[in-house]
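Below is one structure, written out as structure tokens; the observations come after it.
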Amino acid sequence: MKQNMKSSLLLAGVRLAVAVAMAAAWYGAAGAQPAATAPIGLQGSGPYYRLTLPLGIYGLAARGDLRDLRVRNASGNAAPYAWLRSEAAAPRFSSKEVPIFALPASAADASDDASLGFRVRPDGSLALARKPARKPAEAAQWLIDASQLQGGLLQARFEMAPDARGLFAFRLEASDDLRQWRPVGGEEQLVRLAHGGQTIERLAVDLGSVHARFLRLRWSDPQNGAPLTGVAIDSVQEVEPVAPLQWSGALKPERCGADHCDYALPRGLPVESLRIDLGDVNTLAQVGISGLLAATPTVAADPAAVPRNPLYALRHRQRPPAAPSGSPGEVPLLDTVVYRLAQAGGEARSPVLALDGASYTHLRLRTAGPLSLLGAAPPSIAVGATPRTLVFLAQGAAPYSLVWNAAPEKNAVQGGPPGAALPLATLMPGYSASKPVAADQASVTLPQPPVAAVDAAVAAAAQLPVPTQPDPSRKWWLWGALGVGLLLLAGMAWSLCASLRKDRAAAD
């Protein structure tokens, strides 16, 4: 009977220890880092694939620098990847005045215009073959010869006759052979106005890094075209192609003061462009735009991983050093005039503004007077950014998925989990920073419906407090309970063994 009792005690101790262990394991699973996944689609045979990430990833991932992203295969193992533009050769910029030619609305407008023609010089540029077109003030469209520029076209800077005033709407088209034309952006405006004692000029137009030998400008109202006197184009040569700019939805201010409003941004988003939408017509105000940094900065991303906006560098290279801002963590970016004015030819609106491509928690719009200068209600804004691109090796069996943490881990060691981003030279032996990466295309579908940019709700949610993780002291308590259970089990086993030895000795 003694033997049975001792065996029962031993069994009870084992059950207790197992229960404590299971409780600790359950707690570890419940407190484990939540992760989310999205399927990756492949095109081509690989083995390397190029994946451009939608901006929506910034509103989903726990880390704004995206260092928690992983690519996994069908077995759940990490596939190696690298950020595409982190090691590419530095872009080369150039600025050049280009030839322009005044054209009629069509070659059939008049007999004189029907004889207009061009010849191609040995260097590929254009020259008039016969008589010139009508006078610049009478031109219904313009041909811009960009054949001598290399790389993508960043922006065109127009010059008008000194006495030209008004709002001149137009559309741009691009071609490589003067026969097949494709649109470049939407309707744009050249603006030179006097309003309230101020002169407003908008003579630079973003070309979106388009690659083309020729541009054609068509006035929206051929009878109201600006007399152009010259055009200069800024271009950039980059090894890797740049993904198209993506835009957010309308962002409302999170908070406003007497002379400023703050707009929450998705964490980690490298903001390169800003559009300010004024609510009231005939509004004009001088504003300063600055970025707000986090009070407690997180681990910074590799600065080379997020390309700075080349347009910002071009337009503000003569900018003097910024004066100290009104509050700590505020980085002055630019001063500008925002407007929305009713004109005979339509509304004149502020152009898209180029920002530096850095990451901020908020953007601040500060007026030179009371906030009411911006209208009865604060304006909404939209931000644009170039999405990041990674290259991964299709290691293991398909399908592949993109995996990220939904909330930051506490006490995590950076680089500890397998599958972190590698240098391109490690991922692709023989990689050269001066040559484009050879990789097939891949795409990813995020859990939310695909959008061109981060939705305003996502942008606001990105600034909400991170969900509180379980108190680490609870983990120590559970581990302590597990240790006590094991010690109890060991003590009971030792006591049982000692008792059995005594029984054997007594029997002998």
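The values are calculated or read from the model by the stated rules, or taken from the named source; none is laboratory data. Bear in mind the structure is a predicted one, so any value in this text is a computation, not a measurement. A quick note on method: Cβ atoms are made from the backbone with ideal geometry, for glycine too, and the neighbour counts reach across all protein chains shown. Quick note on the areas: whole protein, heavy atoms, side chains included, nothing else; ligands and nucleic acids left out. Shrake-Rupley method; radii C 1.70, N 1.55, O 1.52, S 1.80 Å.
Condition first: under 29 Å from Tyr431 (Cβ atoms) and open to solvent by less than 60 Å² (accessible area, probe 1.4 Å). Now tell me which residues in region 243-256 satisfy that.
Ala243, Gln246
Just to be sure I understand, how many residues within region 166-184 are surrounded by 13 or more Cβ atoms within 10 Å (Cβ to Cβ) and without any contact (Cβ under 8 Å) to a residue 60 or more places away in the chain?
Summing the residues that are surrounded by 13 or more Cβ atoms within 10 Å (Cβ to Cβ) and without any contact (Cβ under 8 Å) to a residue 60 or more places away in the chain in region 166-184 gives 9.
How many of the residues making up region 194-246 are among the aliphatic types (A, V, I, L, M), under 34 Å from the mean Cα position of the chain (by Cα) and assigned to a strand (DSSP E or B)? Explain how you work it out, then say what you get.
Filtering region 194-246 for residues among the aliphatic types (A, V, I, L, M) gives 194, 200, 203-205, 207, 210, 212, 215, 217, 226, 228, 231-233, 236, 239, 242-243, 245.
Now restrict to residues that are under 34 Å from the mean Cα position of the chain (by Cα): 200, 203-205, 207, 210, 212, 215, 217, 231-233, 236, 239, 242-243, 245.
Right, trim to assigned to a strand (DSSP E or B) and you get 200, 204-205, 207, 210, 215, 217, 231-233, 236.
Going through region 194-246 one residue at a time, the tally reaches 11.
Which of the following residues is modelled with pLDDT of 85 or more, of a type outside the set (A, V, I, L, M) and loosely packed, with under 14 Cβ neighbours inside 10 Å: Gly279, Gly357, Gly291?
Gly279
Tell me the residue from Val337, Val383 that is modelled with pLDDT of 90 or more and of a type outside the set (Phe, Trp, Tyr), please.
Answer to the selection: Val383.
Which of the residues spanning region 257-268 are among the aliphatic types (A, V, I, L, M), assigned to a loop (DSSP other than H, G, I, E, B) and crowded, with 19+ Cβ neighbours inside 10 Å?
Scanning region 257-268 gives a single hit, Leu265.
Within 30 Å of the chain's Cα centre (by Cα) and either modelled with pLDDT of 90 or more or part of a strand (DSSP E or B) (or both), is that true of Glu188?
In short, yes.
Please find, within region 121-162, the residue that is nearest to Leu203 (Cα to Cα) out of those that are of a type in the set (Asp, Glu) and modelled with pLDDT under 90. Don't jump to the end; show me each part of the working.
Within region 121-162, the subset of a type in the set (Asp, Glu) is 123, 138, 145, 159.
Still in the running and modelled with pLDDT under 90: 123, 138.
On the way: Asp123: 29, Glu138: 19 Å.
The selected residue is Glu138.
Give the residue, chosen from Leu51, Leu60, that is open to solvent by 20 Å² or more (accessible area, probe 1.4 Å), over 30 Å from Met492 (Cβ atoms), modelled with pLDDT of 85 or more and aliphatic (A, V, I, L, M).
It is Leu60.
Within region 112-119, can one find any residue that is surrounded by 12 or more Cβ atoms within 10 Å (Cβ to Cβ) and at pLDDT 60 or above?
Yes: region 112-119 contains one or more residues that are surrounded by 12 or more Cβ atoms within 10 Å (Cβ to Cβ) and at pLDDT 60 or above.
Where residues in region 400-426 are out of contact with any helix residue (DSSP H, G or I) (no Cβ under 9 Å at 6 or more places or on another chain), farther than 20 Å from Ala74 by Cβ and outside any loop (DSSP other than H, G, I, E, B), which of them is modelled with the highest pLDDT?
Thr426
Among what's in region 154-165 and is of a type in the set (A, V, I, L, M) and either free of Cβ contacts under 8 Å to residues at least 24 places away in the same chain or part of a strand (DSSP E or B) (or both), pick the residue that is nearest to Ala348 (Cα to Cα).
Met160
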